[in-house]
Amino acid sequence: MFSSARSFSKQVLNHRTQIQQQTKSQLRNPRAKDNRADDEHKLVTEKMRQENRERKKRWREVNEERNKDNDLRCRVNKRANQLYGAKASPAKEKWIGEEFERRQQKRHEKERRRQQQVDLPSDFGEYAALPPHQVRAANDFWRSVAASNALESDARCVQLPPLRSVLPDELRQPV
């Protein structure tokens with residue numbers, strides 16, 4: 001796995017070098033490229049980048065758990081490189097596996113505790129017609145109110161104020 005990553009890194013560096021050389025030659029000879037073709041290329045490139053951003057954003061929303069795992073794996077690998085160096089070793093691989101599992105379990109436990117602490121309905125009745133970002137904002141606010149009012153003896157039983165009392169009038173839809 002690491003050898004293919006190294007060869008890929010070399011390919012990327014070679015490609016970068018080629019681009020730098022092309023750029024230098026174009027600076028020496030400004031007529032090397034037609035401005036119109038360059039503008040078209042920039043437009044196509046920007047459109048492609050925008051589409052890629054949107055595609056990745058949709059993927060992250062649909063695959064929220066996998067995205068969290070990928071982020072965690074990246075952080076663990078970065079820390080392993082700091083501790084063990086860039087070269088692969090059995091001790092490093094073992095540490096990566098154990099650390100990833102430990103941090104993943106910690107995240108799952110934290111999410112489970114948060115969910116147990118406050119079980120709120122996902123449907124807000126008359127507020128269901130609101131745009132999703134406003135419903136999420138109301139839900140987050142409601143959870144923060146519940147968390148601050150939670151009793152230590154029984155955190156699952158929380159008396160919440162009616163949603164109507166915590167949302168500003170401009171966020172509410174007429175009934």
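The values are calculated or read from the model by the stated rules, or taken from the named source; none is laboratory data. Because the structure is a prediction, the values reported are computed rather than measured. Ideal geometry is used to build each Cβ from the backbone, glycine not excepted, and the neighbour counts take in all protein chains shown. SASA here: full protein model, heavy atoms, side chains in, ligands and nucleic acids out. Shrake-Rupley method; radii C 1.70, N 1.55, O 1.52, S 1.80 Å.
Report every pair of residues separated by at least 6 positions or lying on different chains whose Cβ atoms are under 7 Å apart, first residue within region 58-74 and farther than 18 Å from Gly97 by Cα, second assigned to a helix (DSSP H, G or I) and open to solvent by less than 100 Å² (accessible area, probe 1.4 Å).
Note: pairs meeting the criteria are Arg60/Asn67.
Taking Arg79 as meeting all but one of (1) modelled with pLDDT of 95 or more; (2) among the charged types (D, E, K, R); (3) surrounded by fewer than 11 Cβ atoms within 10 Å (Cβ to Cβ), write down the number of the exception.
(3)
Regarding Asp140, is this residue modelled with pLDDT under 65 and open to solvent by 70 Å² or more (accessible area, probe 1.4 Å)?
In short, no.
Taking region 72-99 on its own, how many of its residues are assigned to a helix (DSSP H, G or I) and either at positive phi or among the small types (Gly, Ala, Ser) (or both)?
Number satisfying all stated conditions: 3.
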